[in-house]
Structures are given as structure tokens and as C-alpha cells.
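Down below is the structure, laid out as C-alpha cells.
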Amino acid sequence: MAPDSWYVGLSAVLFSIGVVGVIVRRDPLVIFMSIELMLNAANLAFVAFGHRLGSDDGQAIVFFVMAVAAAEVAVGLAIIVAIFRLRRRLSVDDLSTMRG
Amino acid sequence: MGVVAFVVIAGIAVGSALGLVAKRNPIHAALFLVVNLGAVAVLYLTLGAQFLAVAQVAVYAGAIMVLFLFAIFVLIPGKEETGPDPRRSYRIVALPVGAALLALLAAVVVVGTRGAGSPAPAPDGVESIARLLFTDYLFPFEVTSVLLLAAMVGVMLLARRREG
């Protein structure tokens, strides 16, 4: 069994890759996927901490993170679709105003 | 044995994450994300979190990724990121920023786990997390259902076609 700190280290690596993805990419969909990657990395850290402490609280928190992530993806994709209907282009660099 | 399994699965997870960031086609990125979520689900299993592993596959790799693929099909038929980058100077700093963040997090992990004792005995899986969700976390659990309902109504409002 690998030590718990390895899991936390892997979580750090995945989170950093997600941050780079958010900065580098122009497609809002891929930026969204990078955010999911970061949420997932945080979840992995929660489960590893819970395993270390011998407690299930970490897993309960991950359950709530999953539910919030599902709601977030649904709303975010709806917003992206709505923006695409108005603009016909999909690049975050074009979206510099709050007005439709 | 466990260490070898961890290294292999962690390699798959990191590789698919890099593929997500590096590939230009959003569909490839979505499929890489599925691989990554699956690898993390296996890591949950190795940590004794069977319930979360199943939930990860069902909710993330199932529902959320299908949503992503639908959005990709609706939005961009095969379109990729092309052309010159209008914000190139900003994006060049992405790698140094990511490397600095990774160094910081790695330092936190190394310092934070130094001298850690042996892990506590593992709790007994699905039953104990169910007990936890319906006792200590009952209120957040119910709030989650309200959140999902609100998200559903909001998405319907956002996604409907405006008449006239």
C-alpha cells in the first residue's frame, strides 16, 4: 500500500495541471474540464486525508463536492450554450463584457 | 504490489491530465478527462472508498461527461483552437505559474507529512459513510437536494429559446 502522502502529492500534481489548463486554453469547454480536474484533485486529497485519520468525514465532503460539481457543470454549460447562441464564436478572449 | 499499482495508476492519471491540457480538440480533451476520472476512481478503491469510486464513475464519468459531450456536439462541430493567439504574452506565463504552484504544494505536502505516524484503522466502508450522511451531515445532504433543484430550474431558464 502506497503511503497517504503520495496520494496527496498526486493530488497536488493534478491540481497544478488543472491550473495551467485554465490559463493556457481558450475554449471555455476545456477550461471547464480543467476546473473539473482541479475539483477532482481536491477530492483525492480529501479521501487521502480521511484515510489517514481513519474517519469517513473526508468521503462525506467529497460526496457533497460531487453534487455541487454536477450542479456547477449543468449551469456552466447552459451559460456557455447561451453565450454561443448570441455570439456564434467560442473563445474566452472575446468575452470581455458582462453585457449580452 | 500496492506501490506498483499506485505508480501505474498515478502515471495514467497524470498522463491523461496532461493530454487534456495539451490536445487542441475538445472531444479529445473530454475523453482524456474520462480516463483521468476513471484512474482517480481506482485510486479511491485503493484507499478503501468503494462508495466514492462507484459514485465517481456514475456521476462524473457517466453523467457529467455525457453533458460535456452533448455541449461539444451542440457548440462546435469539429472546430479546434486555431489561429494566432491574441493573448500570447499572458499565456506564456502559464507554465512558470503552474510550476511555482506545484513547487509550493509539493513543499506543503513534504513538510506537512514529515514525521506522520501510522494511519488509523480504516472505517468499514459504505455503511459508515451512509450513517454519517444521514446523521451528522443530514442538513447539508438536504440542502444539496435543494441546490440540485435550483440548478435544474436555472438551466431550463438559461437554455430555453427566447420567443420573439
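The values are calculated or read from the model by the stated rules, or taken from the named source; none is laboratory data. Note that the structure is predicted; figures quoted are calculated from it, not measured. Virtual Cβ from ideal backbone geometry, glycine too; neighbours counted across all protein chains shown.
When only residues in segment A:57-100 that are at pLDDT 75 or above and acidic (D, E) count, which is farthest from B:L133 (Cα to Cα)? Break it down into steps so the answer makes sense when it comes.
Filtering segment A:57-100 down to residues at pLDDT 75 or above leaves A:57-86.
With the extra rule that they be acidic (D, E), the set shrinks to A:57, A:72.
Numbers: A:D57: 9, A:E72: 21 Å.
Here the residue is A:E72.
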Which is surrounded by 15 or more Cβ atoms within 10 Å (Cβ to Cβ), out of contact with any strand residue (DSSP E or B) (no Cβ under 7 Å at 6 or more places or on another chain) and not hydroxyl-bearing (S, T, Y), of B:V7, B:V35? B:V35
Could you tell me whether A:G54 is modelled with pLDDT under 90 and touching a His at 6+ places or on another chain (Cβ under 9 Å)? no
Please give the helices (runs of 4 or more DSSP H) falling wholly within segment B:1-63 in which 1 or more residues are facing chain A (nearest Cβ under 8 Å), touching a Phe, Trp or Tyr at 6+ places or on another chain (Cβ under 9 Å) and of a type in the set (S, T, Y). B:26-46
Do we find that A:I23 is of a type in the set (A, V, I, L, M, F, W, C), free of Cβ contacts under 8 Å to residues at least 24 places away in the same chain and in a helix (DSSP H, G or I) in this structure? yes
Of those in segment A:5-24 that are more than 15 Å from B:L105 (Cα to Cα) and within 7 Å of another protein chain (Cβ to nearest Cβ), the residue modelled with the highest pLDDT is A:G21
Does segment B:23-32 contain any residue that is farther than 22 Å from A:F32 by Cβ, buried (at least 20 other Cβ atoms within 10 Å of the Cβ) and either small (G, A, S) or free of Cβ contacts under 8 Å to residues at least 40 places away in the same chain (or both)? no
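Within segment A:70-95, restricting attention to residues that are assigned to a helix (DSSP H, G or I) and more than 7 Å from chain B (Cβ to nearest Cβ), which residue is nearest to the chain's Cα centre (by Cα)?
Kept after step one, since they are assigned to a helix (DSSP H, G or I), are these residues of segment A:70-95: A:70-87, A:92-94.
If we keep only those that are more than 7 Å from chain B (Cβ to nearest Cβ) too, we end up with A:72, A:76, A:83, A:85-87, A:92, A:94.
Numbers: A:E72: 10, A:G76: 12, A:I83: 21, A:R85: 25, A:L86: 26, A:R87: 25, A:V92: 17, A:D94: 22 Å.
Residue satisfying both the conditions and the ranking: A:E72.
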